[in-house]
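First the structure, in the form of structure tokens, and then the observations on it.
Every number in this text was worked out from the coordinates using simple rules, so none of it is lab data. Here the structure is a predicted model, which means the values were calculated and not measured. For neighbour counting, all protein chains shown are included, and Cβ atoms are generated from backbone atoms with ideal geometry for every residue, glycine included.
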Amino acid sequence: MLGLQLPTDPRWVDIAQKNIADILIDHAYCEQKAASSCISLIVQFPEREALVEMLTPVVAEEWAHFRMVLKEMKKRNIKLGHKRRDDYVIELTKLERKGGHIDRQLMDKLLINAIIEARSCERFRLLSLEIADENLKSFYHELMISEATHYVNFVKLAKEYAPENEVDNRLKELLAQEAIILQNLEIRNDRMH
């Protein structure tokens, strides 16, 4: 799905379902970080008009998702709690090439964001199909569609600022590395990724 080379371990859904409070807390912070990441890109690259135009509504959408997750948590009397370390995202961001031309750095930032959205989309799809809670099934189905759109937008933006063949090649490299990262991470009962 969306180029991911390694599917999520099937045990993840069962683990997530048994620890839905922790998953929702982590999910809320994932949405907050997604909004913050888009803001950061806009602030770093304000002269890139297509980027500003495409990511500005994504900021609002990700923040709306944050609020939606909080609403689901409130229904279940779950408090937000503290932000958790996201080893998956930390490892992915280490793949960003430093130095060199700014367009290359921008391409990596956009593609890493795309991959995070793809993995979130895949996990939301699993939850929408497998979780017992019917309300959360439809909730995650709706979010899955949004994450897929964000993935496409990030890749499209990368191709706006770099040659398509370079973007495609780099995306393949990053997806291969993402599979290795995922394979080496333990399945956590309190993490979306």
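Here's the picture: charge each Lys and Arg Cβ at +1 and each Asp and Glu Cβ at -1 in the range 11-184, and of 17, 52, 111 the one pushed furthest to the positive end of that dipole is 17.
Loop sites here are trypsin sites (Lys or Arg not before Pro) outside DSSP states H, G, I, E and B with no more than 16 other Cβ atoms within 10 Å. The longest part of the chain free of them is 99-193.
Taken about its Cα centre, the chain carries a charge dipole of about 600 debye when Lys and Arg each add +1 at the Cβ and Asp and Glu each add -1 at the Cβ.
The alpha carbon centroids of the range 51-120 and the range 1-20 are separated by 18 Å. Each Cα pair under 8 Å and six or more residues apart adds its sequence gap; the mean of these over the residue count of the range 1-133 is a relative contact order of 32 percent. Shown here for the range 19-59: GluC sites (Glu not before Pro) in loop regions (DSSP other than H, G, I, E, B) with at most 13 other Cβ atoms within 10 Å, namely 47. Taking the alpha carbon gyration tensor of the chain, multiplying each eigenvalue by 5 and rooting it gives semi-axes of 28, 19, 14 Å, largest first.
The GluC sites (Glu not before Pro) of the range 112-177 include none that meets both criteria, a DSSP state outside H, G, I, E and B (loop) and at most 12 other C-beta atoms within 10 angstrom of the site's C-beta.
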